[in-house]
Amino acid sequence: MSFTNTPVTRLILLGIVSASTLASLLDIKHYFYILVDTHVWRYRQLWRFLIYQLCYTNSTEVLFGVITLYQLRIVERMWGSRKYASFLVVSYLLTSIVPPSLTVVLRPLTAGWFNYIPAGPTPIIFAVLAQYHAMIPHLYKYRIATSQAPPTDEAFSGVTFSDKSLKYAIAVHLALLQWPGSLLGAIIGWVVGYSWREGLLPSSFVRWRMPGWMLGLRSQRRRSEFEGLRRMLEDEGSASTTGAATGAAQGQSANQPERRRTMGQQIMDQFRDVL
Amino acid sequence: MADVDLEQLSPSQQEALQQYVQVTNQDTADAVKILERSQWSVQIAIAKFFDGEEADPVAEAAAAASAHDIPRESARLENLQESLLASEVRSSRAPRRNRTDVAPRIVPQQSITRRPHWLIGLLLTPFGWGWSAASTIFRTLFYVLSFLPAPLRPRAITQGLATGFKGTNGRRMLMPRDTAARFKREFDEEYGANEVPFFEGGLAQAHDLAKKELKFLLVILMSPEHDDTESFVKETLLNPDVVSYIKDPTNNIILWGGNVLDSEAYQVATEYSCTKFPFTAVVCLTPKEGSTRMGIVKRLVGPMPAETYLSEIQGAMERYGADLNGVRAERVAQEVARNLRTEQDSAYERSLAIDRERARQKREAAAAAEAAERKALEEAEAAALREQKRQQWKAWRSQRITAEPPTSEKNVVRVALKMPEDTGAGRITRRFPQDAPMEELYAFVECYDVLSSEEASEKVTSPPEDYEHEYMFRIASTLPREVYEPSTTATMGQKIGRSGNLIVEEVTGDSDDETDEEEDGGEDQVVGNR
């Protein structure tokens, strides 16, 4: 399984790890968090809103953020990379604006308690986690009993977990690491994720998709052209092998060079198109 | 030698050896050798033992691992870096392997929904109210917002919350059959009436059916929120050629569809290592890799034109159809052989039953004969005993018969007895006292031969035990005929009077009718004798 068919998740993980490492190496961590009184009120550094989610500023958060995102890659598989990337972009924009603005409002209300917004994409992770929560069914449940295990379900005291519980636990841990700013970001992210899902956002946000070329998608028409070409070649190959009445395994291995030639053919085709 | 080997092995090797020997029951020394050749992998060693060693699975596994193509069966260790590199290679190149992946049989765990404790329910109630209040406010707010231009207007206003195929709220876990029915219904609602023959049951049932009836199982997994699902269904799956091909009963296809938002289908997706939707897998029995092994012979991932889809399925089915036909023929042959054997068995059973019946009759006849013989013997013994007792009784009784009164005595009964012919005694006259009971007369007649022989037999002081004497004759008078019973109370004076002319008649102890007839005959005889 690993990163098969999840290019967006892979890119983001690499991005978070390398950005966090670089921020640490180049000693520019202080650009990535927001202190409302200093940065917003005194210096008007509103550009911080847009970049505060680009990296984490400590290694624990990097670790848990990366673990959580890696486990949420199933969402990308179930949506397709293009929709997933579009969702990430939309939620990035929303969570860039909403949590800092909310903190600006909350700071006077809570007498300066909400002042600090930690760096890192925790809101986005929680937006994805909301999708995970809504989409993925649990596979099994287990119970941790505080009483003696009863033969029936009656009179049971203990906690029931599912296979998803551990993933939530890691995410919750991530949300609590930079209390209270990270928790606010997590809640906003969850709300954004659910709003996106339930159609509470403007429909153009939900319908918008990234252009295909950004994700390296070829158009359907060209793919079908290649498919036709490949099929023709495979037909020829199978005709020659079935004529010799060989077994399935041999037919399969005999097909392999055909396929390689097809890929070569594809590359040739591309060159020809360019010329 | 084997002991030395065992001493030298590490604990894990010893464990492997133990497992291997348990499975194969092979000699320890040979087992150690074959395990060494298999680099102490129990699975490979067992495979070598059962399949022969001409193919070297270790070399194959090494080759497969070097090509980043590790079979699922062997344990897989991977780290992030490796998988980053591997996924690059793998995603660009379709995995080709000689062995197909095993198609697992998936039985979802049934969830039990229980009501929470009432205290928790009470605590959660305000949240429920809060949720409904918030959603009402939001709805109202968004209704107010509906003056906005269409692109900015939230979807929730125009469409309501998503339900059905695309909705995810309240997807309860159902029984596999109900889940399949729900999938079918939602599919129909979303894409209109269609003739796609989805299997109505869980994947486990479909899997078993395909295995039993040697059909191809087509597993389609759809993620309704995926961007490609709609185009895939409309252009590929509902293509008339594809539908008619799947529906054609001669193609032996079982179509199982699942929505990955359901627990069962999600489990299927993970077990079939499906990484891209829409996903189609062709599963069938792969007899070359194990007689009961279901293998995934083809995976079709992502959107593709209907012709490609169809030709890929057809290709896979053609490639493995030959194997399945072989198995089918084999099964038919086995069936015929089994029928033949059962017929033979039943014929044998029938003949065996006949033989048994005969033997039983013979045995019963023998038993009956033996019983009759034993009975005759017992009767003979009893008769002999009786006879002996009878003799004893007669000897005893003869001594106690009252002596004949002297002729001077007046109070006597004079009796003239005509003895039966065969005793040869002829006519006897005797006097009895008048107060002697009738039984005395009978006893005299019975013991006459003892008395007349006058032998000095030893004194018999007591009658035989358990013996009731029965007189085998009757004494009757002629004209008028009167039968005197051997009574002990009635005296001879009362019954006979002063004198009597009596006849002793043999009684043959048969039924009364015969005695009656004899009586009649006897009467005639008496008359004749006169």
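The values are calculated or read from the model by the stated rules, or taken from the named source; none is laboratory data. None of the values given here were measured: they were computed from a predicted structure. All Cβ positions, even for glycine, are placed from backbone atoms using ideal geometry, and neighbour counts span all protein chains on display.
State the number of residues belonging to region B:257-278 that are without any contact (Cβ under 8 Å) to a residue 60 or more places away in the chain and of a type outside the set (Gly, Ala, Ser).
8
Taking region B:247-260, which residues are closer than 18 Å to A:LEU139 by Cβ and more than 8 Å from every other protein chain (Cβ to nearest Cβ)?
Scanning region B:247-260 gives B:GLY258, B:ASN259.
When region A:1-41 is examined, which residues are found to be of a type in the set (Val, Ile, Thr), in contact with a Phe, Trp or Tyr (Cβ under 8 Å, 6 or more places away or on another chain) and within 14 Å of another protein chain (Cβ to nearest Cβ)?
A:VAL8, A:THR9, A:ILE16
Hey, A:SER147 hits all of (1) assigned to a loop (DSSP other than H, G, I, E, B); (2) modelled with pLDDT of 75 or more; (3) of a type outside the set (D, E, K, R) but one; which does it fall short on?
(2)
Cβ-Cβ below 6 Å, separation at least six or inter-chain, first residue in region A:1-25 and touching a residue at least 24 places away in the same chain (Cβ under 8 Å) and buried (at least 18 other Cβ atoms within 10 Å of the Cβ), second of a type in the set (Val, Ile, Thr) and in a helix (DSSP H, G or I): which pairs?
Short answer, once both residue conditions are applied: A:LEU13/A:VAL66; A:SER20/A:VAL62.
Quick one: in region B:201-215, of everything that is in contact (Cβ under 8 Å) with a residue 60 or more places away in the chain and part of a loop (DSSP other than H, G, I, E, B), which residue is farthest from B:GLN314 (Cα to Cα)?
Filtering region B:201-215 for residues that are in contact (Cβ under 8 Å) with a residue 60 or more places away in the chain and part of a loop (DSSP other than H, G, I, E, B), the one farthest from B:GLN314 (Cα to Cα) comes out as B:GLY202.
Quickly run through region B:5-41 and pick out the residues that are small (Gly, Ala, Ser) and within 43 Å of the chain's Cα centre (by Cα).
B:ALA16, B:ALA31, B:SER41, listed by residue number.
Does region B:455-464 include one or more residues that are surrounded by 11 or more Cβ atoms within 10 Å (Cβ to Cβ), at pLDDT below 75, within 19 Å of B:SER398 (Cα to Cα) and not hydrophobic (A, V, I, L, M, F, W, C)?
Looking through region B:455-464, at least one residue is surrounded by 11 or more Cβ atoms within 10 Å (Cβ to Cβ), at pLDDT below 75, within 19 Å of B:SER398 (Cα to Cα) and not hydrophobic (A, V, I, L, M, F, W, C).
What's the total number of residues in region B:427-455 that are farther than 18 Å from B:LEU502 by Cα and out of contact with any helix residue (DSSP H, G or I) (no Cβ under 8 Å at 6 or more places or on another chain)?
Residues flagged as farther than 18 Å from B:LEU502 by Cα and out of contact with any helix residue (DSSP H, G or I) (no Cβ under 8 Å at 6 or more places or on another chain) within region B:427-455 amount to 4.
Just one of the numbered conditions (1) away from chain A (no Cβ under 12 Å); (2) over 30 Å from B:MET175 (Cβ atoms); (3) assigned to a helix (DSSP H, G or I) is not true of B:THR308; which one?
(1)
Among the residues of region B:279-295, count how many are under 37 Å from the mean Cα position of the chain (by Cα) and touching a residue at least 40 places away in the same chain (Cβ under 8 Å).
The number of residues fulfilling the criteria is 10.
Sort through B:SER244, B:SER231, B:SER263 and tell me the only one that's of a type in the set (Ser, Thr, Tyr), within 11 Å of chain A (Cβ to nearest Cβ) and surrounded by fewer than 19 Cβ atoms within 10 Å (Cβ to Cβ).
Checking each option against the conditions leaves just B:SER231.
Quick check on region A:128-142: of everything there that is crowded, with 20+ Cβ neighbours inside 10 Å and facing chain B (nearest Cβ under 7 Å), which residue is farthest from B:ILE106 (Cα to Cα)?
Here the answer is A:MET135.
Between a residue in region B:176-200 that is of a type in the set (Ser, Thr, Tyr) and any residue that is at pLDDT 90 or above and not in a loop (DSSP other than H, G, I, E, B), which pairs come within a Cβ distance under 6 Å, given they are 6 or more apart or on different chains?
Taking only residues 6 or more apart or on different chains, the pairs are B:TYR191/B:VAL233.
What is the residue count in region A:63-93 for residues that are within 14 Å of another protein chain (Cβ to nearest Cβ), within 30 Å of B:ASP262 (Cα to Cα) and not small (Gly, Ala, Ser)?
So the count comes out to 17.
Checking B:ARG341 against (1) among the charged types (D, E, K, R); (2) in a helix (DSSP H, G or I); (3) under 30 Å from A:MET78 (Cβ atoms), which test does it fail?
(3)
Report whether or not B:ASN79 is surrounded by fewer than 16 Cβ atoms within 10 Å (Cβ to Cβ), modelled with pLDDT of 60 or more and at positive phi.
No.
Restricting region B:273-305 to residues that are more than 9 Å from chain A (Cβ to nearest Cβ) and under 22 Å from A:ALA134 (Cα atoms), which is surrounded by the most Cβ atoms within 10 Å (Cβ to Cβ)?
B:PHE279
Check off (1) modelled with pLDDT under 90; (2) of a type in the set (S, T, N, Q); (3) not in a loop (DSSP other than H, G, I, E, B) for B:THR280 and give me the number that stays unchecked.
It fails just one condition, (1).
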